[in-house]
Amino acid sequence: MEFNLFTEYNMILISLAGIFGLLMAFGIGANDVANAMGTSVGSKALTIKQAIIIAMIFEFAGAFLAGGEVTSTIRKGIIDASALTGTPEYLVFGMMASLLAAGIWLVVATYFGWPVSTTHSIVGAIVGFAAVGIGMEIVKWGKVGSIVASWVVSPLLSGTLAFMLFTSVQRFILNTDDPLKNAKKYVPVYMFLAGFMIALVTLFKGLKHVGIKFETEISLIIAIGFGVVVMLVGKYFINRQKMPESDDKDFHYANVEKVFAVLMIVTACGMAFAHGSNDVANAIGPLAAVVSVVESNGVISSKSALPIWILLVGGIGIVSGLAIYGRRVMATIGKKITELTPSRGFAAELAAASTVVIASGTGLPISTTHTLVGAVLGVGMARGIAALNMAVLKSIVVSWVVTLPAGAILSMTFFFMFKAIFS
């Protein structure tokens, strides 16, 4: 009976899945990409327009060039798809329900300016339909547990790193008698770190999806080389800044912040590429699963081939979500948690990138959103607890906790709806 379903409703199922996948990618663009760019906009290193253009280019490049490899993981990680070989239509309904549920939740969260995790949204949705619609035993609860643990681990790790980084910037540069002289001395070190980390994020997270994979040692050597190049170029430009001795300290601060603003743009581009290549899987993974099952007339394979149009759906969805709807979450990250300057924003972004590298090296599942919010928090803490907006933080934490159940409840509802419509 189910095979008639795939021949009869072939185009309808694929079209619906495509629309829901586009909605999910739109939500990722509106919510998650805005996270990556929020610090740059909040610290005024970039205008909203510049941030959107940079993110569109690098996110689309990441999603289109590098998004293809990630898709098998989202599916085989959380549920045991092999248990559905007798009822492949359940996998199709479930993945469609998950995309629609997670997409709706992301659009709602973005409307309220809550930076939530797109990964947790889709994971909650998949767990919801699988546990209730099919059976508790199909869910790999160990995987779900490690994802829940990442709620605490990723913001703690990035917050600690950001706190240490910004404290060092204060100590060596900002709180000294001659900030500009010390900036010339120490900023190249931060430039090296930024180049090194962004290269590692790109090598570990971005390029491996294009099929370019280096041994860890080689990756480290390339990243060190890139860090040195960034440092030397940066040093050249900083040393060209001549400052009259008599200038007041505020003028010196302004120039130091200008240097950090340039650095932030470098880190923002790298983070956008890595994010596009990594998180687009949350939208195109379930979509690829549906297309694969429908086109093969009900055969569930562990990996699905990825037609070019699916990558395009992911890339276009992300870019349009950011351009149309990304401002709300950008404002939360960039302005509402704590006041950001380029040096603070840089410390937050570098800490977030470092956390992503540590996580991919150790296999720790993290959320870019939680990581970045944690890093912004860490920078705020370095200035004292009064620098943080506790009301905004409270609503962010509540939105994190609600994400999994919200995705799950919506997904169960849609799963039974599709089952009723198509069976």
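The values are calculated or read from the model by the stated rules, or taken from the named source; none is laboratory data. These numbers were taken from a predicted model, which means no experiment stands behind them. All Cβ positions, glycine included, derive from the backbone under ideal geometry; neighbour counts span all protein chains shown.
Only a single item in (1) among the polar types (S, T, N, Q); (2) modelled with pLDDT under 90; (3) assigned to a helix (DSSP H, G or I) is not met by T338, and it is number (3).
Among the residues of region 275-303, the ones that are assigned to a helix (DSSP H, G or I) and without any contact (Cβ under 8 Å) to a residue 24 or more places away in the chain come to 1 in all. Look at region 161-187: where a residue is within 15 Å of R240 (Cα to Cα) and in contact (Cβ under 8 Å) with a residue 24 or more places away in the chain and a partner is in a helix (DSSP H, G or I) and polar (S, T, N, Q), sitting 6+ places away or on another chain with Cβ atoms under 7 Å, you get L180/N255; K184/N239. When only residues in region 295-322 that are over 27 Å from V107 (Cβ atoms) and among the β-branched types (V, I, T) count, which is surrounded by the fewest Cβ atoms within 10 Å (Cβ to Cβ)? Among those that are over 27 Å from V107 (Cβ atoms) and among the β-branched types (V, I, T), it is V299.
Among residues of region 249-267 that are surrounded by fewer than 23 Cβ atoms within 10 Å (Cβ to Cβ) and of a type in the set (G, A, S), those with a Cβ under 8 angstrom from a residue that is assigned to a helix (DSSP H, G or I) and modelled with pLDDT of 85 or more, sequence gap 6+ or separate chain, pair up as A261/P342. Checking each residue in region 154-181 for being surrounded by fewer than 21 Cβ atoms within 10 Å (Cβ to Cβ), modelled with pLDDT under 90 and over 14 Å from A254 (Cα atoms) picks out T176, D177.
Do the conditions hold for I358, that is, is it surrounded by 23 or more Cβ atoms within 10 Å (Cβ to Cβ) and either part of a helix (DSSP H, G or I) or not aromatic (F, W, Y) (or both)? In short, no. When M271 is tested against (1) outside any helix (DSSP H, G or I); (2) modelled with pLDDT under 80, only condition (1) is not met. For region 323-345, residues that are crowded, with 24+ Cβ neighbours inside 10 Å, under 14 Å from A45 (Cα atoms) and out of contact with any Ser or Thr (no Cβ under 7 Å at 6 or more places or on another chain) total 2. Answer with yes or no whether F58 is within 17 Å of the chain's Cα centre (by Cα), buried (at least 23 other Cβ atoms within 10 Å of the Cβ) and either without any contact (Cβ under 8 Å) to a residue 40 or more places away in the chain or closer than 30 Å to V92 by Cα (or both). Here the answer is no, as F58 does not meet what is asked. Candidates L388, L350, L372: the one that is under 20 Å from A149 (Cβ atoms) and among the hydrophobic types (A, V, I, L, M, F, W, C) is L372.
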